[in-house]
Amino acid sequence: TASDTADIVLIYGASFIQAIGDLSKCYLGDNDFSMASRLQSLTIGSNVEGYENTFMTGLALGNNKLLEYLDIRNITGLNSVVDLSKCNNLIELRAEGSGATGVIFANGGKLERAYIPAVTSLTMKNLNNLELLNVAGYERLQKLVAENIHTIDTHAIVDASTNLNTIRLVGIDWSKDF
């Protein structure tokens, strides 16, 4: 279980780090991974039964152009949009059970698999490698941006999203069977 004490960990030379390992046991709160420009894998969350991180309310990513895997599962304190717009090499996002309110994927990124909770906003542009988009539910979705997404059924997403109030669909072919 997490303790109520706040330990501060500073990593100097973050721009040289490729992997940190499993940080879920640290129950991170405040964070800034934006300077870890060579980071390829980041595991902050966990799917271990009973795991819950209520301390982390935001995720600071930035110039993480080499990041391929991000795990923020069961970080229930997360109450913001996960901005992955600069993570072009991200292949897999595991965010199920998190409190993320939205996700912005990198335009033209290499994303193949994404597991996300029921979010209020979702932005996907030119994700040609997307094989699997697993969303816990679309009942909360209010804003959807989908541009040139040909590998998932956006029509089904729109149909299931009963609270949509902002929608941008560009280059979508709804005549295709999925």
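Report, in whole Å, the centroid distance computed from the Cα atoms of the stretch 31-52 and the stretch 112-178. What the calculation gives is 25 Å, centre to centre.
Full-extension gain between I11 and T151, please, as 0.36 nm times their residue separation minus the C-alpha to C-alpha distance. Could you put the intermediate results ahead of the total?
Values: separation 140, 0.36 × 140 = 50.40 nm, distance 3.90 nm.
Going from the current span to full extension adds 46.5 nm.
With the Cα gyration tensor of the stretch 57-123 giving a ≥ b ≥ c as the square roots of its eigenvalues, does the rule (a/c under 1.5 for rounded; else a/b larger than b/c for prolate; else oblate) give rounded, prolate or oblate? Can you show the working numbers first?
Values: a/c = 1.63, a/b = 1.56, b/c = 1.05.
It is prolate, given that a/c is not under 1.5 and a/b is the larger ratio.
What are the equivalent ellipsoid semi-axes of the stretch 101-178, built from the alpha-carbon gyration tensor (square roots of five times its eigenvalues), in whole angstrom, biggest first?
Working: eigenvalues 59, 41, 28 Å².
Calculated on Cα positions only, the semi-axes equal 17, 14, 12 Å.
Under the convention that each Lys and Arg Cβ holds +1 and each Asp and Glu Cβ holds -1, the size of the dipole of the chain around its Cα centre is about 480 debye. For K176, the aspartates and glutamates whose Cα falls under 16 Å of its own Cα, not counting residues fewer than eight places away in the same chain, are E131, E147, D153, D159.
So, with +1 on the Cβ of K and R and -1 on the Cβ of D and E, and no other charges, what is the size of the charge dipole of the stretch 89-178 about its Cα centre, to the nearest 20 debye?
Details: 8 positive and 10 negative charges, 63 e Å.
Dipole size: approximately 300 debye.
Rounded to whole Å and ordered largest first, report the semi-axes of the equivalent ellipsoid of the chain derived from its Cα gyration tensor (root of 5λ).
Numbers: eigenvalues 171, 69, 31 Å².
They are 29, 19, 13 Å, listed largest first.
Largest to smallest in accessible area, the residues I167, I149 fall in the order I167, I149 (1.4 Å probe, all protein chains included). Sorting the segments 10-23, 89-102 by their mean number of nearby beta carbons within 10 angstrom, highest to lowest, gives 89-102, 10-23.
Hey, in the GNM for the chain with a 10 angstrom Cα cutoff, which one of L84, L164, L42 fluctuates hardest? Result for the chain, Cα springs under 10 Å: L164 fluctuates most.
The values are calculated or read from the model by the stated rules, or taken from the named source; none is laboratory data. Not measured: the values here are computed from a predicted model. Neighbour counts are summed over all protein chains in view; Cβ atoms, including those assigned to glycine, are modelled from backbone coordinates with ideal geometry. SASA here: full protein model, heavy atoms, side chains in, ligands and nucleic acids out. Shrake-Rupley method; radii C 1.70, N 1.55, O 1.52, S 1.80 Å.
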